[in-house]
Amino acid sequence: MKIEEHEKALEEHIRKLKECIDQGLEKNQRNIGYNASQGSGELFSVYMHRLNLVSTGEDFDHRLFKKQALLDERIPADFPKRNEILAMLRAIEERRNALCYGKRKGGKEVQEVIEAFWRLKRLVGDAHE
């Protein structure tokens, strides 16, 4: 996808996250898990495009961030704050299935995913500037 498409998708995920937060964390945990995970992937794609480290057709499946072997194979080896960014992506992805498909969690667990997403967003923004 082109960077513009990733940016549009990211805006949509951010909008949905904000709506879910306003409506209540616990009753929206599945949507929060989904949108935080997908939004993180879009955020990472935008970042990689801005650094000119990927081609227009490159796309990152959210499952990629859970597996070190895939990360080593598919993700460029050198970019600002690489280890921090990948650790944050992994942390969000590791919670995705529990939130999306598991039993209801407490608000604290859902809040942690939201906070991780916003930290990632700041980290990628700071790393790019």
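Every number in this text was worked out from the coordinates using simple rules, so none of it is lab data. Since we're looking at a predicted model, the values are computed, not measured. Using ideal geometry, Cβ is built from the backbone for each residue, glycine included, and neighbour counts are taken over all protein chains shown.
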Does segment 93-102 contain any residue that is assigned to a helix (DSSP H, G or I), touching a helix residue (DSSP H, G or I) at 6+ places or on another chain (Cβ under 8 Å), crowded, with 18+ Cβ neighbours inside 10 Å and of a type in the set (Lys, Arg)?
yes
Unmet requirement for ALA69, which otherwise passes all of (1) surrounded by 19 or more Cβ atoms within 10 Å (Cβ to Cβ); (2) more than 17 Å from PHE117 (Cα to Cα); (3) of a type in the set (A, V, I, L, M, F, W, C)
(1)
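Looking only at segment 15-40, which residues are within 14 Å of ILE92 (Cβ to Cβ) and either in contact (Cβ under 8 Å) with a residue 40 or more places away in the chain or over 17 Å from the mean Cα position of the chain (by Cα) (or both)? Break it down into steps so the answer makes sense when it comes.
Within segment 15-40, the first condition is being within 14 Å of ILE92 (Cβ to Cβ), and the residues that meet it are 17, 29, 32-40.
Once the filter is applied, which keeps residues that are within 14 Å of ILE92 (Cβ to Cβ) and either in contact (Cβ under 8 Å) with a residue 40 or more places away in the chain or over 17 Å from the mean Cα position of the chain (by Cα) (or both), segment 15-40 yields LEU17, GLN29, ILE32, GLY33, TYR34, ALA36, SER37, GLY39, SER40.
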Restricting to segment 41-53, name every residue that is of a type in the set (A, V, I, L, M, F, W, C) and without any contact (Cβ under 8 Å) to a residue 40 or more places away in the chain.
MET48, LEU53
